[in-house]
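The structure that follows is given in the form of structure tokens.
The values are calculated or read from the model by the stated rules, or taken from the named source; none is laboratory data. Fair warning: this is a prediction, and the values are worked out from it, not measured in the lab. Glycine also receives a Cβ, built like all others from the backbone with ideal geometry; neighbour counts cover every protein chain displayed.
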Amino acid sequence: MLKKKALVFMSAITLSLIGFTATASAHVSVKPAESAAGSWETYTMKVPVEKNEPTTKVVLKMPAGVEFQQYQPIPGWKTSVSKHDDKAVSVTWEAKNGGIQPGQFQQFTFVAKNPEKTGDAAWDAYQYYKDGSIVEWTGDEKADTPHSITKITKAANVTDAHGAEQSKEESKSGVSALDIAAIVLSAAAIILSIAALVKKKRA
């Protein structure tokens, strides 16, 4: 009998620990966790609900050096961008209806240009619940509410504004191989047009 009670007690503790771990790990996160310096990256913020209240608003601050470009619209959500000196400093997603319900999560996708220097881009996020409470995901990795971090690393190639991959040299010069080819073809067309015109006059 004692053994049975002990087993039930231990099972309850194990389930509680599992539940606590699942809840504790359900943080607001921004992916990818690593991206190339100077690259245009498509980021996805995942917002889970950890309370028995819906999440009705999320505010995400742009890390230093990260240039917000555009966002993917989501039905049922209003998106607004706060700027300072014509640069986006934060993005707000606000629910028009019920928001994110308990036991659910929502993903918010946006494009941003990474800084040219390597380092850590820390994403501070503020999660608003229907009951008026706010969870600030702004702490370091050891905090109860840590911010998400993307490591900005060196890379031979980066992604440009059109989603195409190009070398660092092309990115800095602003001229790609396709641009050069287009210039050469345009010049050739002009030369041929002039030659045809001269030939016609002579005839």
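In contact (Cβ under 8 Å) with a residue 60 or more places away in the chain and closer than 19 Å to Ser80 by Cβ, is that true of Asp131?
Spelling it out, it is not the case that Asp131 is in contact (Cβ under 8 Å) with a residue 60 or more places away in the chain and closer than 19 Å to Ser80 by Cβ.
Out of curiosity, is Gln107 of a type outside the set (D, E, K, R), under 25 Å from Glu53 (Cβ atoms) and out of contact with any Lys or Arg (no Cβ under 7 Å at 6 or more places or on another chain)?
no
Give all pairs with beta carbons closer than 7 Å in which a residue from region 156-175 that is in the same structural domain as Thr118 (by TED's automatic domain parsing) and assigned to a loop (DSSP other than H, G, I, E, B) meets a residue that is among the hydroxyl-bearing types (Ser, Thr, Tyr) and at pLDDT 55 or above; count only pairs at least 6 apart in sequence or on separate chains.
Cβ pairs passing all conditions: Ala156/Ser167.
This table checks each residue for (1) among the hydrophobic types (A, V, I, L, M, F, W, C); (2) closer than 28 Å to Val158 by Cα; (3) touching a His at 6+ places or on another chain (Cβ under 9 Å).
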| position | (1), (2), (3) |
| --- | --- |
| Gly76 | no, no, no |
| Val81 | yes, yes, no |
| His84 | no, yes, no |
| Ala95 | yes, no, no |
| Gln101 | no, no, no |
| Phe105 | yes, no, no |
| Phe110 | yes, yes, no |
| Asn114 | no, yes, no |
| Ala121 | yes, yes, no |
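Another question about this same structure. Can you say whether Ser186 is modelled with pLDDT under 80 and either in a loop (DSSP other than H, G, I, E, B) or under 19 Å from Gln69 (Cβ atoms) (or both), as far as the supplied structure shows?
Answer is no for this residue.
Here are Glu141, Glu116: which of them is part of a loop (DSSP other than H, G, I, E, B), modelled with pLDDT of 95 or more and either loosely packed, with under 14 Cβ neighbours inside 10 Å or out of contact with any Asp or Glu (no Cβ under 6 Å at 6 or more places or on another chain) (or both)?
On inspection, the qualifying residue turns out to be Glu116.
Separate question: So which residues in region 55-74 are assigned to a loop (DSSP other than H, G, I, E, B) and crowded, with 18+ Cβ neighbours inside 10 Å, if there are any at all?
As a first pass, look at region 55-74 and keep what is assigned to a loop (DSSP other than H, G, I, E, B): 62-66, 72-74.
Met62, Pro63, Val66, listed by residue number.
Right, next: Being among the acidic types (Asp, Glu), at pLDDT 95 or above and more than 21 Å from Lys151 (Cα to Cα), is that true of even one residue in region 87-110?
Yes, that holds for at least one residue.
Inside region 43-63, can you point out the residues that are touching a residue at least 60 places away in the same chain (Cβ under 8 Å) and over 16 Å from Gly98 (Cβ atoms)?
Tyr43, Thr44, Met45, Lys46, Glu50, Val59, Leu60, Lys61, Pro63
Another question, if that's okay. Hey, could you check region 119-134 for residues that are surrounded by fewer than 17 Cβ atoms within 10 Å (Cβ to Cβ) and in a strand (DSSP E or B) and say which is nearest to the chain's Cα centre (by Cα)?
Among them, the one singled out is Asp120.
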